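The values are calculated or read from the model by the stated rules, or taken from the named source; none is laboratory data. Here the structure is a predicted model, which is why all the values come from computation and not from measurement. Heads up, the Cβs are rebuilt from the backbone with ideal geometry, glycines too, and the neighbour counts pull from every protein chain shown.
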Amino acid sequence: LDRHLVGGVYREWTSSKIKSFLNEKDRLDVIINQARSATKMSKRVLILGDFNLDTMRYNDRSYSRKNLLQILGDGMKDASLDYATTEATWKSYGKFNGEHRISCLDHVYFAGLDCNVEVLKDTTTDHRPVLAKILVPSGKTGTRSIERRNFKAIQLQELEDALQKWPWTTIYSIEDVDTVHQFLLDGITEALNEVAPIKTIKVKTGRSLYLASDTLELMRKRDRASGSEYRRIRNQVSSLVKRDQICTNMGELRKSPNDPKVLWRLANEAIGKSSVNGISTMDNAETATAVNKFYIDKVIKLRHGLPSLKPPPSSWPKSSAPFSFSFASAGKIAKVVKAMRATEALGVDGIPVSVLKKGIEVLAGPISHLVNRSLASGTGKGKSAADPASYRPVCILPALSKILETVVKTDFEIHLAKTEALPNTQFGFRRGRSTTTALATAHAKWLKAEQRGKVVGVLGFDLSAAFDTVDQLQLLPKLKKLGIEGMQLEWFKSYLSGGSQRVVWNGAESDFLNVKYGVRQGSILGPILYLVLVADVTSCVGIGDEENSSYADDFFLWAVGDSLEEVGLLLETKADAFSKYAGGNGLVLNAAKTQFMIGGKAKKKDTSAFTIRVGGVELHPSDEIEFLGVKFDSDFTTAPHNAYVVKAAKQRAALISRLAVHIPRGKYLRQLARGLMVGKLSYAAAVVTTPRFDKNKEPDAAHRAVQVAINDVARSIAGCRRRDHIRIEDLLRIAKIPSLNEITVMAVAVETWKCFHSNDGGCGARNPIGDLVFPTPKRPTRSTTSVACPLRGGTDTFASHAVSVWNNFESLRSARTLAAARDVARTIGRSTPI
C-alpha cells in the first residue's frame, strides 16, 4: 500500500439527553480535521468505520442528527473525499416493538482511489460487515508495445499527393452505398499507409520522477542521520523533491507546449485522481466486456418495467410540410469538414477528422458522392455485420458518419423551424438557447406568479437514461407527422436500427453487442431526434408555455393557484398525464426521484404536512429544488446554490494550492485555475449571482466568500501569500484571472444582448426570456431604446439585471455582432468594482 493512507473511525453514539450537540460537533470536527490532514499527506486516502450517523436519512427533516450529518458530509467534501453509497449496514432485528429498522451507520470515504464497496450479508452482530475493495497500482514503470499511426506528423501536401494516386473517378460510377463507403476507406487507408504507416512503438506503463544528484546525495545523508539532524535534513529533502517534481513536469510540458491534455493528465496525477470508480477487475479486456454488457443490460432492464401504453393523442404539430434532403455538393461537404474540430479520436474505421480536414481538397467530391448515395438509397453507410467499420459506436463516431449526419441535421433543422415542431419551452440542443436561458425563463415565471400573490407548486421529473430507451417504433410515426415520408423516412429508419457498440478500455476491445434502443448520445443527429420524440409533450399533457420548461431530458412543470389544495390537484393531474405520456413514448420515469416544492404565498406551516401522489409515490414538499444544477429555495431565490458555490470555490482554491507544488506557477497553473475555478463560477452566473455596478454597494456574504477563494487562487498562481499584503486589484491583474463580479457582469451583458437579438421563439419572435425582457411586439428601429423591468423593483433575477445592463450601457445596445457584444461585455466587466 505504498503512498496509500487508510484510517479507521469509531464515532461514539451519544444520546442528546446526556451530551450536548456542541460536544458531539466538537468530536466530529476532530474527525474532519484529521481527514483534511490525511488528504494533504497522501494522494490516495481511504477512511472507513462506524460513524453512528444515518446517511439514509440525509433528506429527512425529522432526523435529530440531521445537522451533524450535514456537517460531516460538508466536511468530507471540503477534504476532497467522496462518499461510497451503500445499502443499509445496520438492522435492529426486532428491537423496536418487533419492527426491523435499518440504517446506514458505517461509512466509507475515499480520495484518489478506484473503490468498490460491498455490504456483506453474514454477521454475528447488528452491524453488517462492509468490504471496501481498492485497486492498488503496482507503481512500477515499464514498457508495453502498441501499434499506431503518427497522425500529427502528416503534412498536408504529402497527404494530398498520396490521395491523388487513388483512382477516385471510379467512385462516381458506383451506386451501392456499402461499396462506395469501402472504396473511400480503401483509398484513404492506402494514402495513410504511405504518409503515416502503422508502427509498433513502446510506451511507458508507469511514470518515474527524475531526482537530481543533489537530492539523491541529501537523501543518503538523511538516511545516515538521527534525531534533530534527521528531521532537519528530511525537511530539506522534501523541498528538493518538490523542486524535482516541478522540473519533471515542466519537461513534459515543454515537449507538448500546446497540448492541454498533457497538463490535465499531470494535474490528475498530482491529486491522485485515477480512473472510473467501482471497476473491480485489473484485466482490461474483462473490464471492456463488463462495461459494454452493463450499458446494454441497463436499458433492457429499464424498458422491462415500462407499462404497455399507447402514446396519447395530440394536436401536434401545428403544421406539416413535405421534407426532402438537399443535394450535398463538394463545396458543401468541404464547408462541413472545415468547420469540424481537428480531433484525432478514432472511430471504428480508424480515420480521424484531422486526416479528412487535411485531405479535403481531394476527398470533398468522393465524400459528397457517398453522402448523396446514402440519402438517395434510404440507408446509412453500410450494414455488413462482418465489417466493424460499418457499425456506429455510441460515443466516438467514425469521421465520415459525422459528416453525413451534419448534412442531414442541417436540412432537418430547417424543416423543424418551418413546421414550428419544437415547443418554445424546450431549450436543449437548439441554437441560441442554453441552460442559462432555460433557468432564467423558469425563474422569472415563478417570481411573476409569486408577485401576483399566488401559490406556486413545482415538479421536477427524472427520466432514467432517456436517450438510451428510445424506440424507433415511437419515433418514426412522429417523423411521419412532420411530413417525412418515402425514401427520407426509410433513411431515418435505417439510421435508427441495426446499431452495435463496443467498449475500448486501456486499448483492450470488447466484442460488438447489438443496440436495439436509443438515439446515439455521441452522435450529431441523436439529440435533435430525441427532441422530436418529446416535442408533443405540452399538447399531450395539457400544459401551456407558462407552466413548463425543459432542457433535453430535464422536464419541469408547475401549477399556479390561489390555494394549496388547488395547486396540489393541478399538479397531480399534470403529473399523472406526464407519467402516462412518458410510458407511452418508451421513457422510464423514476418517480422516487421526482422533486416537489411549494412556493409563493403558501405558508411553511401549511406546506409541512401537505402531500401529493406522483406515480404511486407520496411526495412531501422539500425546502429546495434543483433544476439544471442550480438549487432554488421556496422563496425562489438561489441562496442554496450560492451556499454550494461557496463550498465548491473553497475546495477548488485548496486544490489549486496543492497543484502549485507539482505544476509550474504562472501560465500552466493559470490554465488549470481557469478551468477549475473560473469555469465553475461561470456556469449560470447570469442567473445565480447579482452583478454590482456601484462600488458603494457591498456584496453579500456568499459573494465575498467566493471572492476570497478567487484571491487565494490568484496567490497560488503568483506565488505570494496573504502576509505580502498585495492589493486585490493588483493581485488579480498579476494572476490574470477575473473577479467574481467581472465574471457575472460579462455573463449578464452577453446573455442580454443574445436575448434582444434572438429570433427562435416561433415566427421570428424572440425566445421566451428575450420576449419577457423586451416585450415589444415589433422590433424598434434602433436597438438603443431602453426598456422597463418586467418584474417589481428589487427582484434579484436575470430579467431585472438584464434591464439594468441594457439601459445603462449604450455601447452594449449598439453592438451589431456577438463578437462585438463580447468585447463590450469584457470592457464593462473590467470597469466594475471587485
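Give segment 150-172 a look and list any residue that's part of a helix (DSSP H, G or I), in contact with a helix residue (DSSP H, G or I) (Cβ under 9 Å, 6 or more places away or on another chain) and surrounded by fewer than 17 Cβ atoms within 10 Å (Cβ to Cβ), or say none.
Lys152, Ala153, Leu156, Glu158, Asp161, Thr170, Tyr172, listed by residue number.
Out of Asp126, Asp54, Asp78, I need the residue that is among the acidic types (Asp, Glu) and under 30 Å from Arg265 (Cβ atoms). Which one?
Asp78 is the lone residue from the list that is among the acidic types (Asp, Glu) and under 30 Å from Arg265 (Cβ atoms).
Under the condition of being touching a Lys or Arg at 6+ places or on another chain (Cβ under 9 Å) and touching a residue at least 40 places away in the same chain (Cβ under 8 Å), which residue from segment 530-544 is farthest from Ser401 (Cα to Cα)?
Val541
Has segment 734-750 got any residue that is on the phi > 0 side of the Ramachandran plot, in a loop (DSSP other than H, G, I, E, B) and either modelled with pLDDT of 90 or more or out of contact with any helix residue (DSSP H, G or I) (no Cβ under 9 Å at 6 or more places or on another chain) (or both)?
Of segment 734-750, the ones on the phi > 0 side of the Ramachandran plot are 736.
With the extra rule that they be in a loop (DSSP other than H, G, I, E, B), the set shrinks to 736.
Filter again for either modelled with pLDDT of 90 or more or out of contact with any helix residue (DSSP H, G or I) (no Cβ under 9 Å at 6 or more places or on another chain) (or both), leaving 736.
Checking segment 734-750: at least one residue is on the phi > 0 side of the Ramachandran plot, in a loop (DSSP other than H, G, I, E, B) and either modelled with pLDDT of 90 or more or out of contact with any helix residue (DSSP H, G or I) (no Cβ under 9 Å at 6 or more places or on another chain) (or both).
Residue check: is Val567 buried (at least 22 other Cβ atoms within 10 Å of the Cβ), out of contact with any helix residue (DSSP H, G or I) (no Cβ under 7 Å at 6 or more places or on another chain) and among the β-branched types (Val, Ile, Thr)?
Judged against the criteria, Val567 is a match.
Can you name the number of the only condition in (1) closer than 29 Å to Gly75 by Cβ; (2) modelled with pLDDT of 95 or more; (3) within 25 Å of the chain's Cα centre (by Cα) that Val708 fails?
So Val708 meets the others, but not (3).
Which one of the conditions (1) closer than 28 Å to Arg433 by Cα; (2) part of a loop (DSSP other than H, G, I, E, B) does Ala602 fail to meet, given that it meets all the rest?
Only one criterion is unmet by Ala602, namely (1).
Could we say that Asp730 is in the same structural domain as Asp694 (by TED's automatic domain parsing) and within 20 Å of Ala654 (Cβ to Cβ) here?
no
Sort out which residues of segment 680-726 are part of a helix (DSSP H, G or I), surrounded by fewer than 17 Cβ atoms within 10 Å (Cβ to Cβ) and in contact with a Gly (Cβ under 9 Å, 6 or more places away or on another chain), and write them in order of number.
Selection gives nothing.
When segment 595-613 is examined, which residues are found to be modelled with pLDDT under 90 and either of a type in the set (Asp, Glu) or over 11 Å from Gly568 (Cα atoms) (or both)?
Gly600, Lys601, Ala602, Lys603, Lys604, Lys605, Asp606, Ser608, Ala609
Do you know which of the residues in segment 493-512 that are among the hydrophobic types (A, V, I, L, M, F, W, C) and in a loop (DSSP other than H, G, I, E, B) is nearest to Asn284 (Cα to Cα)?
That would be Val503.
Residues of segment 538-553 being part of a loop (DSSP other than H, G, I, E, B) and either modelled with pLDDT of 90 or more or surrounded by 20 or more Cβ atoms within 10 Å (Cβ to Cβ) (or both), which ones?
Within segment 538-553, the subset part of a loop (DSSP other than H, G, I, E, B) is 542-544, 552-553.
Those that are part of a loop (DSSP other than H, G, I, E, B) and either modelled with pLDDT of 90 or more or surrounded by 20 or more Cβ atoms within 10 Å (Cβ to Cβ) (or both): Ile543, Ala552.
In segment 286-323, what residues are in a loop (DSSP other than H, G, I, E, B), touching a Leu at 6+ places or on another chain (Cβ under 9 Å) and over 14 Å from Val470 (Cα atoms)? Talk me through it step by step, then tell me what you get.
Kept after step one, since they are in a loop (DSSP other than H, G, I, E, B), are these residues of segment 286-323: 305-323.
From what's left, touching a Leu at 6+ places or on another chain (Cβ under 9 Å): 306, 317, 320-321, 323.
Listed by number, the residues that qualify are Pro317, Ser320, Ala321, Phe323.
Go through segment 177-203 and give me each residue that's over 23 Å from Lys358 (Cβ atoms) and touching a residue at least 60 places away in the same chain (Cβ under 8 Å). Break it down stepwise before answering.
Here is the first cut: in segment 177-203, the ones over 23 Å from Lys358 (Cβ atoms) are 177-179, 200, 202-203.
Across segment 177-203, the qualifying residues are Val177, Asp178, Val203.
Can you name the residue in segment 470-518 that is farther than 30 Å from Ser145 by Cβ and small (Gly, Ala, Ser) and, of all such residues, is modelled with the lowest pLDDT?
Gly498
Taking segment 604-620, which residues are within 16 Å of Asp60 (Cα to Cα) and surrounded by fewer than 10 Cβ atoms within 10 Å (Cβ to Cβ)?
Ala609, Glu618
So in segment 177-234, with the set limited to residues that are acidic (Asp, Glu) and out of contact with any helix residue (DSSP H, G or I) (no Cβ under 8 Å at 6 or more places or on another chain), which one is modelled with the highest pLDDT?
Applying the filter and picking the extreme gives Asp186.
For (1) part of a helix (DSSP H, G or I); (2) surrounded by fewer than 22 Cβ atoms within 10 Å (Cβ to Cβ); (3) touching a Pro at 6+ places or on another chain (Cβ under 7 Å); (4) of a type in the set (D, E, K, R), each residue gets a yes or a no:
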position	(1), (2), (3), (4)
Val456	no, no, no, no
Gln474	yes, yes, yes, no
Lys478	yes, yes, no, yes
Trp491	yes, yes, no, no
Asn514	no, yes, no, no
Ser523	no, no, no, no
Pro527	yes, yes, no, no
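Quick one: in segment 787-829, of everything that is within 20 Å of Ala685 (Cβ to Cβ) and hydroxyl-bearing (Ser, Thr, Tyr), which residue is modelled with the lowest pLDDT?
Thr795
Step by step: first the residues of segment 587-603, then only those that are crowded, with 20+ Cβ neighbours inside 10 Å and of a type outside the set (A, V, I, L, M, F, W, C), then the one that is nearest to the chain's Cα centre (by Cα). Which residue is that?
Among those that are crowded, with 20+ Cβ neighbours inside 10 Å and of a type outside the set (A, V, I, L, M, F, W, C), it is Gly599.
Between Ala685, Ala701, which is modelled with pLDDT of 90 or more and more than 19 Å from Ile737 (Cβ to Cβ)?
Ala701 is the lone residue from the list that is modelled with pLDDT of 90 or more and more than 19 Å from Ile737 (Cβ to Cβ).
Of the conditions (1) touching a helix residue (DSSP H, G or I) at 6+ places or on another chain (Cβ under 9 Å); (2) at pLDDT 90 or above, His415 fails just one. Which one is it?
Just one mismatch for His415, condition (1).
Show the residue pairs that are 6+ apart or on different chains and have beta-carbon atoms under 8 Å apart, the first residue being within segment 33-46 and not assigned by TED's automatic domain parsing to the domain that holds Gln651, the second being surrounded by fewer than 14 Cβ atoms within 10 Å (Cβ to Cβ).
Ser42/Arg3; Lys43/Arg3; Arg44/Arg3
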